C-alpha cells in the first residue's frame, strides 16, 4: 500500500466567510487558523499550503473576555533606542480592529515561510462589506 501524497494541482482552495459579531476573539482566531492551515481537509500535509481563504467581516464587533481591553498590550519597536511603543487592546480596536484579529491569528500559525504565506490568505474587514463577492465565499458556522 502506497502513502498518498497530494500535489499542488490537486488541492482545491475554498473561500469562507466568517461573521465576527459577538464571537470571542481567541475562539474565533483558532477556527480561522485551522481553516488557513487546511487541517480539516482530508489532503492535509504540514509542509504544503493546503488551506482555504478566509474572509472575516464585522471585526469591530468582536468580543474579548475579562479585563483584556485595558490590560492586554501590543508592542512595536522602531529599532532605535527608546523606540518602543505600546498600545492597549482598546486603542487598537478603536483605530484598526482588523489588526487585533490578524495578530491573534498570526500567533497561532507557524512562524516560517509557509506561515507568512498563510497570513496573506486572511482578509479582515471592520464592517459587514467586503470586495470578494466574485469568489462566492461560503458562510462558515462554528
Under the 0.36 nm per residue contour assumption, what length would be gained going from the current alpha-carbon distance of residue 119 and residue 5 to full extension?
38.6 nm
FRET efficiency (residue 40, residue 77; Cβ distance; R0 30 Å; to 0.05) is 0.25
Ranking of 35, 25, 114 by count of other Cβ atoms within 10 Å, fewest first:
114, 25, 35
Calculated FRET efficiency, residue 30 and residue 67, Cβ-Cβ r, R0 35 Å, to nearest 0.05?
0.95
With only helices counted (DSSP H, runs n ≥ 4, each -39500 (n - 2.57)), the per-residue ellipticity at 222 nm for the chain, to the nearest 500, works out to -8000 deg cm²/dmol
Potential lengthening between residue 132 and residue 108 on full extension [0.36 nm per residue; Cα-Cα distance subtracted]
6.2 nm
Assertion target for 129, 52, 99, ordered by fewest C-beta neighbours within 10 angstrom first, is 129, 99, 52
Going by how many other Cβ atoms sit within 10 Å of their own, how do 44, 142 line up, fewest first?
142, 44
Considering only C-alpha atoms, what is the centroid distance from region 100-119 to region 60-85, in Å?
17
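Bear in mind these aren't lab numbers, they're just calculated from the coordinates by the rules spelled out. Computed from a predicted model, the values in this text were never measured in an experiment. Glycine also receives a Cβ, built like all others from the backbone with ideal geometry; neighbour counts cover every protein chain displayed.
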